[in-house]
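Here's the structure, in structure tokens; my notes come after.
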Amino acid sequence: MTQETANPSARKTELLEAAYRYALEHGLAHLSLRPLAAAIGSSPRVLVFLFGNKEGLVRAVLGRARVDELTMLSRVEKTGDPAVTGLVTAVEHLWSWLAAAEHRQLLKLWAETYTSSLVDPQGVWGGFAAATVHDWLAVLGAWQPPSERDSPQGAARRTLALAVLRGALLDLLATGDAERTTAAIHHQLAILRQTETTAI
């Protein structure tokens with residue numbers, strides 16, 4: 001690790017934040033250094049100097065996006081009464097955040113990167129999809145009672161909860177229909193609540 005990597009310059013940090021805001025608006029799939037540099041008040045030469053190349057810049061932007069994702073997940077972990085556990089509570093908190101209109105651009109970037117990671121696993125996006133699955137499963141697992149969390153059934157239930165959340169999120173991003181997707185989540189929560197009650 002170089003000194004520059006360990007202690008990035010203020011200018012590098014400033015340009016990374018600007019590039020991240022640009023990516024939120026324009027995406028990453030067709031990112032070109034020249035229009036990006038013009039939009040954020042820099043030059044392709046400076047960006048290459050600071051980030052190595054275009055792939056280095058994209059990796060840095062993806063890292064910055066993951067910081068926001070992990071921050072969101074950590075807030076979900078800390079939300080609510082510590083005495084309240086269960087996947088129902090976790091899914092309620094996660095969906096409330098995911099469905100908020102102000103998070104739409106970040107989540108579109110997440111969806112683009114997730115898909116790119118699957119299509120080109122050896123590319124700059126490689127590993128992103130798997131990492132985000134593990135991150136979300138860990139948060140869901142933290143809400144499960146230990147006896148459930150550590151069982152095969154518990155792993156299957158949080159995997160199902162994640163699948164429902166991810167499916168509803170992709171639907172919401174595609175259609176903008178928050179009312180219908182939220183109703184679907186609430187329907188699934190009713191089923192999940194019944195299984196939690198049965199398991200007690």
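The values are calculated or read from the model by the stated rules, or taken from the named source; none is laboratory data. Remember, it's a predicted structure, so these values are computed and weren't measured experimentally. To get the accessible areas, we keep the full protein, side chains included, count just its heavy atoms, and leave off ligands, DNA and RNA. Shrake-Rupley method; radii C 1.70, N 1.55, O 1.52, S 1.80 Å.
Numerical summary
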read-out	value
Share of carbon and sulfur in the accessible heavy-atom surface of region 125-171 [1.4 Å probe, %]	68
Relative contact order for the chain, counting Cα pairs under 8 Å that sit 6 or more residues apart, in percent	20
Accessible solvent surface per residue of the chain, calculated while the other protein chains remain in place, 1.4 angstrom probe, Å²	54
Estimated vicinal HN-Hα couplings, Hz - region 37-48 in sequence order (Karplus 6.51, -1.76, 1.60; Gly, Pro = x)	4, 4, 6, 10, x, 9, 9, x, 4, 5, 4, 5
Cα gyration tensor shape of region 68-193, rounded if a/c is under 1.5, else prolate or oblate by comparing a/b with b/c	oblate
Angle in degrees between helix 152-175 and the longest Cα principal axis of the chain, rounded to the nearest 10	60
Centroid-to-centroid separation of region 9-76 and region 81-144 [C-alpha atoms, Å]	20
